[in-house]
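As structure tokens, the structure follows; a few thoughts come after it.
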Amino acid sequence: MSEIKVSKIYRDVSRLRWNVASKGILVGLFAGFVVAVYRLGIEFATEKSIEIYTLLRNNPIYIFAWLIIIVLVGLLLSYLIKLSPDAKGSGIPQVEGVLLYGRKLKSLLIIPVRFIAGILSAFFGVSLGREGPSIQIGASGGEIIASKLSNNKLEENYLITAGASAGLSAAFNAPLSGIIFSLEEVHRSFSPNILIAATTAALTADIVSKTIFGLKPVLSYVDVPQLPLNQYFWLVILGVLSGVVGVIINKMLLVSGNFYSKLPIIVRPMMALLIALPFGLFLPQVLGGGQGLVQLSETAKLSIGMLFVVLICKMIFTTTSFGSGIPGGIFMPILSMGALLGSLVAQVGFNFGLSSDMISVFCICSMAGIMAGSVKAPITSILLMAEMTGSLVHLLPVAAVAFIALLTSDLLKANPIYEVLLERLTEENQGKEKSKSNVIIEMVVELGSFVAGKQVKDVQWPSGLLIVGIRRGNKEFVPNGDFQILHGDYLVAIASQQEFETMNVALNKICKMK
């Protein structure tokens, strides 16, 4: 490749920072508005589902008509999922597949299918959240804007990441969590360009969301007291239990997916809607994502026995809803399970001298713990609790529980749920044709990685990959064979988009810590 072409590629990369910042604002505006409308639709449908099941409970004669509606809507949902397979389930693994493996995002189809199928499902009270779909809707918005305004794959990936950040920000009124989630879970690497794109998009989406929903935090924990130091031993118990429950949830989600995979596609949504019926009739508290359940857990109105029953039912209901492939996420259901577990442990603690004022602290800590144990994104979990509750006084206990839960999950050899779902998704889509154009890959060199400390000529780079630049701090280099790579460097490489998945995985392997 000529020096002129390499220089042009590198100049394009260098100009990306403020390009993605300005375009990130557009992504934030688009994602913030679309996700806010989606959020309103889901909340309205969930409220109506409670009214519907109340009507059915008081007038059992209508249940037969409701069964007919289940069949008809189930058929429509199966058609929509067949029309846009990438719109099924959470949406987060699909976004990760685009960024890590070069999969295609059919955004103009995903967004309407997400809206129609997600809101329709919510009328039946299925135990799914709006957060994963919101992330995919935001990412799709980023891809749409990138298709109009960007001319290279790297900038497109930045804007898709920015859209994902904006989606989570608008779904939870949590811009910091949206930013960190894009780095910690979605993109799985740090880059100043990713950070700038994610920040501008998430903050812009947060402004849009707050304009529509107001400044009140999603979870209104008005008074969160500080946990006394002599009660910190409870954090170990809470962390271990949260980690164990997070692992159990992951296992149940995967088993449920395996069960549904053996059923005809046309039957799967129908089955999930049918399973929702007894829960709606006899235990309406578990309907929907679980935001109301979080608030209920804080009040200590449920007995220990009832909390345990509701927790088990919520786990079963969530896994059976999600496994069917119905468009919907697991973020909020997992958080609601965490709140139930925290309330349960706190009420047990009342018998051992724990103050009843501590129940809200336990709920918040356990929500972060289960999220860390299941998703394995502890920093996001910690920040999400701070932003959703509007309080920082519990930051240390939350962090302690999150990392203890993460350690417990690792000791139990559990894999992050979105990583496993992404692997399944990749297996389903192997062999699909990709474009043959060249793409740019950016990768950070971590301390302790294979390439750190080596000269360019001493590294056996993947065949077909060309290193065209290295950024070190504010300095940029076009390396020759004798150039020494240091940890913290950002490698800029080009590869055929046809081989993007192979190249990205291979480069990631040698640049990440062993």
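What is the Rg over Rh value, at two decimals, for the chain, using alpha-carbon atoms and the Kirkwood definition of Rh? All intermediate terms of the calculation are to be shown ahead of the outcome.
Numbers: Rg = 23.3 Å, Rh = 23.5 Å.
With Rh from the inverse mean 1/r over Cα pairs, Rg/Rh is 0.99.
Return the calculated 222 nm mean residue ellipticity for the chain, to the nearest 500 deg cm²/dmol, obtained by summing -39500 (n - 2.57) across DSSP H runs with n ≥ 4 and dividing by the residue count.
-22000 deg cm²/dmol, from helical runs alone.
Taking every eigenvalue of the Cα gyration tensor of the stretch 93-136, multiplying by 5 and rooting it, what semi-axes result, largest first, whole Å?
Working: eigenvalues 105, 29, 8 Å².
Semi-axes (√(5λ), whole Å): 23, 12, 6.
Taking a cut-off of 21 Å, what percent of all Cα-Cα pairs in the stretch 26-185 are separated by more than that?
47
Amide H of Ser449: which non-local residues (sequence gap of 5 or more, or other chain) have their own amide H closer than 5 Å, using H built in the peptide plane?
Under 5 Å from the amide H of Ser449 lie the amide H atoms of Lys514, each far enough along the sequence or on another chain.
Using alpha carbon centroids, what distance separates the stretch 290-324 and the stretch 256-277, in Å?
Computed from Cα coordinates, the inter-centre distance equals 21 Å.
Out of residues 5 or more away from Ile441 or on other chains, whose amide H comes under 5 Å of its own, with H placed 1.01 Å from N in the peptide plane?
Hits under the 5 Å cutoff: Ala493, Ile494, Ala495.
Sorted by accessible area (1.4 Å probe), largest first, how do Phe477, Phe362, Phe33, Phe279 line up?
Putting Phe477, Phe362, Phe33, Phe279 in descending order of accessible area: Phe33, Phe477, Phe279, Phe362.
Consider all pairwise Cα distances in the stretch 216-283 and report the whole-number % of them above 18 Å.
Summing the P(r) of the stretch 216-283 above 18 Å gives 69 percent of all pairs.
Pop out the ³J(HN,Hα) list for the stretch 118-134 in order, Karplus 6.51 cos²θ - 1.76 cosθ + 1.60 with θ = phi - 60°, rounded to Hz; leave Gly and Pro as x.
Computed from phi, the couplings for the stretch 118-134 are x, 6, 4, 4, 5, 5, 9, x, 4, 7, 9, x, 8, 6, x, x, 5 Hz.
Over all directions, the average projected area of the alpha-carbon convex hull for the stretch 298-398 comes to how many nm²?
Details: hull surface 27.3 nm².
Answer in nm², one decimal: 6.8.
Can you bin every Cα-Cα distance in the stretch 110-265 into 5 Å intervals starting at zero and give me the percent of pairs per bin, rounded to whole numbers?
Each 5 Å bin holds this share of Cα pairs: 2, 8, 12, 14, 16, 16, 14, 11, 5, 2, 1, 0.
Suppose every Lys and Arg Cβ carries +1 and every Asp and Glu Cβ carries -1, with no other charges. What dipole size does the chain come out with about its Cα centre, to the nearest 20 debye?
820
Show the residues, 5+ positions off or on another chain, whose built amide H is closer than 5 Å to the amide H of Ile326.
Those qualifying (amide H under 5 Å, at least 5 residues apart or on another chain) are Gly89.
Where only protein heavy atoms count, and the probe is 1.4 Å, what is the accessible area per residue for the chain in Å²?
40
In this model, which of Lys106/Lys153; Lys153/Lys210; Lys48/Lys88 are farther than 27 Å apart at the alpha-carbon?
Flagged as over cut-off: Lys153/Lys210.
If I histogram all Cα-Cα distances within the stretch 71-147 using bins 5 Å wide from 0, what percent of pairs lands in each bin?
3, 17, 27, 26, 15, 8, 4, 1
Residue by residue through the stretch 386-399, what is 3J(HN,Hα) from phi via Karplus (6.51 cos²θ - 1.76 cosθ + 1.60, θ = phi - 60°)? Round to whole Hz and write x for glycine and proline.
Result, ordered by residue: 5, 6, 6, 9, x, 9, 10, 5, 9, 4, 5, x, 4, 4 Hz.
Can you give the relative contact order of the chain as a percent, counting alpha carbon pairs under 8 Å and 6+ residues apart?
19
Once ligands and nucleic acids are excluded and a 1.4 Å probe is used, how much of Trp234 is accessible, expressed in Å² to the nearest 10?
20
Below 8 Å, C-alpha to C-alpha, sequence gap of six or more: please give me the relative contact order for the stretch 207-337 in percent.
The value is 33 percent.
The values are calculated or read from the model by the stated rules, or taken from the named source; none is laboratory data. Given the structure is predicted, the values throughout are model-derived calculations rather than measurements. Note: ideal-geometry Cβ built from the backbone for every residue, glycine included; neighbour counts use all protein chains shown. Areas reflect the complete protein model, heavy atoms only, side chains present, ligands, DNA and RNA absent. Shrake-Rupley method; radii C 1.70, N 1.55, O 1.52, S 1.80 Å.
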